[in-house]
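The values are calculated or read from the model by the stated rules, or taken from the named source; none is laboratory data. Predicted model only: the values in this text are computed from it and were never measured. Quick reminder, even Gly has a Cβ in these numbers, built from the backbone with ideal geometry, and neighbours come from all protein chains shown. These area figures cover heavy atoms from the full protein model, side chains too; ligands, DNA and RNA do not enter into them. Shrake-Rupley method; radii C 1.70, N 1.55, O 1.52, S 1.80 Å.
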Amino acid sequence: MFNPRFLIVSLGNQAPYYETLHSAGHFALTSLQKVVGPPQPSFTSERYGRKACLASTGPTYIMVQSPTSMNVSGPWAAKTWREVLENYQLKPSELSLVLVHDDLEEDLGRVRIRKWKASHRGHNGIKSVNANLRPADFPGARWSRISIGIGRPEARDHMSVSDYVLKKMTRYQRDTIDTQVGPRVLGCLRELQEEWEEYDKANSRP
């Protein structure tokens, strides 16, 4: 039987690059928490992966914003995954892991489910997580990604892209994520839950 318990980890950066498009995953979680509402508590400082970070620990969704720099988020994500399994005495099949991250290839505000093993599209945060968390090490684990579109600058050279993702969000960009992304992420989570529940039912039949 599928256990609807989720560890939802967002990738992004800390100050002075917290309020940038590269941290759209963090703002997506904040928007999601508001949509879920009680009993999902507001974000507060908690400890996960042996680091202080912003988290919202509810009965179904454990939402945690990565406290590290984007490019080195993998070791912390791996520690957090193992820590939650141990603290709640759960098997890998009893805790679903969902990674929430920005996506340059999608329009601002577009939210999509992506397979865990789907292309990283050059995203260094995903590369780091993949290098430290391997599904083969946790049989039965259900992992997925949810991407948050942030658009892309017309120029595609490395410097232009870097400037774009690390520049402070405009009010329009921030409002779009705050108001539109949360409901879409929740819809994705429900879709994943239904998919995994159906998979369990199909495989439990004699």
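Details
- Probe 1.4 Å, protein heavy atoms only - accessible area per residue of the chain in square angstrom: 51 Å²
- The length gained by stretching the chain between Gln180 and Arg5 to full extension, at 0.36 nm per residue less their Cα-Cα distance, is 60.6 nm.
- Surface share of carbon and sulfur [accessible, 1.4 angstrom probe, percent] for segment 130-206: 48 percent
- Dipole magnitude of the chain about its Cα centre (Cβ charges: Lys, Arg +1; Asp, Glu -1), debye to nearest 20: 320 debye
- Residue of Ala78, Ala15, Ala55 that the Gaussian network model of the chain assigns the largest fluctuation, springs spanning Cα pairs under 10 Å: Ala15
- For Thr20, the amide hydrogen comes within under 5 Å of the amide hydrogens of Met169, counting only partners 5 or more places away or on other chains and with H modelled in the peptide plane.
- Protection proxy ranking for 191-197, 92-98, using the average of other Cβ atoms within 10 Å per residue and placing the highest first: 92-98, 191-197.
- Segment 21-42 and segment 147-167: distance between their alpha carbon centers, rounded to Å: 23 Å
- Sorted on the mean count of surrounding Cβ atoms within 10 Å across their residues, most packed first, peptides 33-46, 114-127 read 114-127, 33-46.
- Taking every C-alpha pair closer than 8 Å and separated by at least 6 residues, the mean separation divided by the residue count of segment 1-83 gives a relative contact order of 35 percent.
- Remark: for residue pairs Lys51/Lys168; Lys127/Lys201; Lys79/Lys201, the C-alpha separation exceeds 28 Å in Lys127/Lys201; Lys79/Lys201.
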